[in-house]
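Let me begin by presenting the structure, written as structure tokens, before commenting on it.
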Amino acid sequence: MASLSVKPGQRFTMPDWQNNSLLISADAEQQRYNSHHIRQEGRALRNETGNQARWDEHNTRTRLNDRITSVDRWREALARCLTDTDLEIDALTKVKEAAENALQAKNLCLDVAIECLTFRESRRDIDVVRDPVEEELLREVKVIEKTKKELQQRVDEAFKQLCLLKEARQQLNCDHRHKVETLELDRQCVSFNVTSGNISFKVKPTRIPDGTTALREWELNSQCNKDRAEAEMRASVDLRGAITLSIAQTNNELDAQRIATEFALRKRIRDMEGALSELRWQEQNTLEEIAEMEEEIRQLEEDLRKRTLDLKVAHTRLETRTYRPHVELCRDQAQYGLTDEVQQLEGTIRALQQKRTESQDALDALYRQLHRIQTDIGYKTNSLQLDNKCMDTRRKLVIPVEKFEPEVDAVNRTRNLPRNSQLEL
């Protein structure tokens, strides 16, 4: 005889079954509607963001191209100005060399006039007279000296103007080089796209780097460099015209100035030696103070270490006392004492740390001052050596005439002839 299977204890009615089917259908339709709505919104968002991204990229590329055009226009203007400056430097250098050659040519005339006067000093007795020939020779010497002085002045002016031109050229060249580098970077930025292999996320890409300038300041800087170079070129053109038409002069007060210069140089050497002595004294005292401060910091750190250990002990005691059983866990005098000790030690440690920080700052300041003193000592030692070399070099001015050998001046490219013979004359 077959047995009946166990049937579920609960049975649903037909309306329940129908409602469940309807509910499933309604939920499915709602989910499809929601999904469709989200898809439509996503598509709209993708279209909007895609268009915005393409427009922003196009706008950025256009601005980069405009910037490249502006920078390239300034680069071309600076390049033309650099070329003109180089041409003017060459022209002024040639005029300066012509003036130096003219100045050197006057030396032969002066040598001949002095030699003639020297020969005439060998006259004896009644022939030692001031005749018209001697007067003309003396007048010739004065004219030559006046011509040499004026020429030397023009040579110095040309040298200074060359320095100014080269300085202006250096600024132009620096500005031109920076613009070439900028063009390379901006053109590289234009070449970037989503398929470039060297694109990546950067840290704070929208930051403003230090040293950033405003656009107006950028334009004024380039314009100022260009205007300065043009002004120096105009001054150089005027100077070239003046050099072409001018005559050099000699300095009648050369010996007096030499004595005054040597006196000032000796005084400067004495002052420099005194300053060096004072700096070395300050250096020694600073070193001693540094040693004492380092010892003080060491002791502060040692005390800080000891107080830290004391604080660990107090913390451990407090923590250990928390395990007292039941009613024994009371706030007794020992508890109050340990709490006060912890607070006192923490305050002490903070004070010691503060003092250590102050001491370390003072030590750093001492080291900075020591470095400054030692640097200044180096500067002054070098200056003293240079001044002593200047004194050694200036001894050539008092070399006897018979041992004097004319040499070429490295700056003016002219022969230095003995002044003693002229003074004796």
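In the stretch 167-239, carbon and sulfur make up what percent of the accessible area (probe 1.4 Å)?
On the way: 3010 of 5430 Å².
Here it works out to 55 percent.
If you roll a 1.4 Å probe over the stretch 1-108 with all protein chains in place, what percent of the accessible area is carbon or sulfur? Intermediate values should be presented prior to the final figure.
On the way: 4690 of 8400 Å².
Exposed carbon and sulfur together represent 56 percent of the surface.
Percent of accessible area on the stretch 287-360 owned by carbon and sulfur, 1.4 Å probe?
52 percent
Where only protein heavy atoms count, and the probe is 1.4 Å, what is the accessible area per residue for the stretch 268-381 in Å²?
Here the per-residue accessible area is 70 Å².
Would you calculate the separation in nanometres between label points at Ala79 and Arg216, each defined as 7 Å from the Cα along the Cα-to-beta-carbon direction?
3.1 nm
Which distance in nm do the two modelled labels at Val180 and Leu164 give, with both placed 7 Å along the Cα-to-Cβ direction?
About 2.8 nm, to one decimal.
Obtain the nm distance between the two label points defined at Thr62 and Gln40 by a simple spin-label model: each point lies 7 Å from its Cα along the Cα-to-C-beta direction.
In this crude spin-label approximation the distance works out to 3.3 nm.
For the stretch 1-95, what is the accessible area per residue in Å² when the probe is 1.4 Å?
Result: 82 Å² per residue.
If you find the alpha carbon centre of the stretch 272-297 and of the stretch 345-377, how far apart are they in angstrom?
So the separation of the two Cα centres works out to 16 Å.
The values are calculated or read from the model by the stated rules, or taken from the named source; none is laboratory data. From a predicted model like this one, the values you see are computed outputs, not experimental measurements. Positions of Cβ are generated from backbone atoms using ideal geometry, with glycine treated the same way; all protein chains shown enter the neighbour counts. Heavy atoms of the whole protein, side chains included, go into the accessibility calculation; ligands, DNA and RNA do not. Shrake-Rupley method; radii C 1.70, N 1.55, O 1.52, S 1.80 Å.
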